[in-house]
Amino acid sequence: MKKRKLGQTGFWVSPLCYGTLTIGPRQKNLSLAEGEALIRYALELGINFFDSAEIYGTYPYLGRALRGRQADVVVVAKSYAVTAEEMKRSVEKARQELEMERIPLFLLHEQESAAKLRGHRGALEYLVGAKEKGLVGAVGLSTHTVAGVRAGASCPEIEVIHPLY
């Protein structure tokens, strides 16, 4: 699988991102061993880009599968946190369960409009500070709407927009 350069980072990322929602408790509910095996198989095939979210319950699968390989992968973590305190807990949970000192991409989950993004301002400000401290690599949002993409594009703190395609 041919990898592509991720922005100006110099890091190469697989063109295919492995979404972990389906393996976790909200869908297939695989055992940790089964989920770990699937992620390791993806790694063997050259995939080094993984999408996850706090609500998916899949951080432990990734943490186990990526042990010792965290420097070689890009993991997306997402949270529905609204306040800075909620986001702080979300970031720490992700760091602990993913077994990563620094989460490469951390997103506000499902930001569907400018109003919703404004309502999550505290969480966004926490992420910006976490980036300055080296706890996260890039800050962004995920969305299922064009209005969410537009809101993210007009917000200078948002570096990554992760739309549903």
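Derivation of every value follows stated rules applied to the coordinates shown; laboratory data play no part. Model, not experiment: these values are computed from the prediction.
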Expected 222 nm ellipticity per residue - DSSP helices of 4 or more, -39500 (n - 2.57), all of the chain, to 500: -11000 deg cm²/dmol
Determine the alpha carbon to alpha carbon distance for each of 78/116; 93/131; 28/116; 28/88 and list only those over 20 Å. 28/116; 28/88
Of 45, 32, 124, which has the largest mean-square fluctuation in a 10 Å C-alpha GNM of the chain? 45
Using Cα centres only, tell me the gap between region 105-143 and region 38-52 in whole Å. 25 Å
Do me a favour and compute the ellipsoid semi-axes for the chain from its Cα gyration tensor, root of five times each eigenvalue, largest one first, whole Å. 25, 17, 16
Given 0.36 nm per residue, what is the gain on full extension from residue 133 to residue 150 after removing their alpha carbon distance, in nm? 3.3 nm
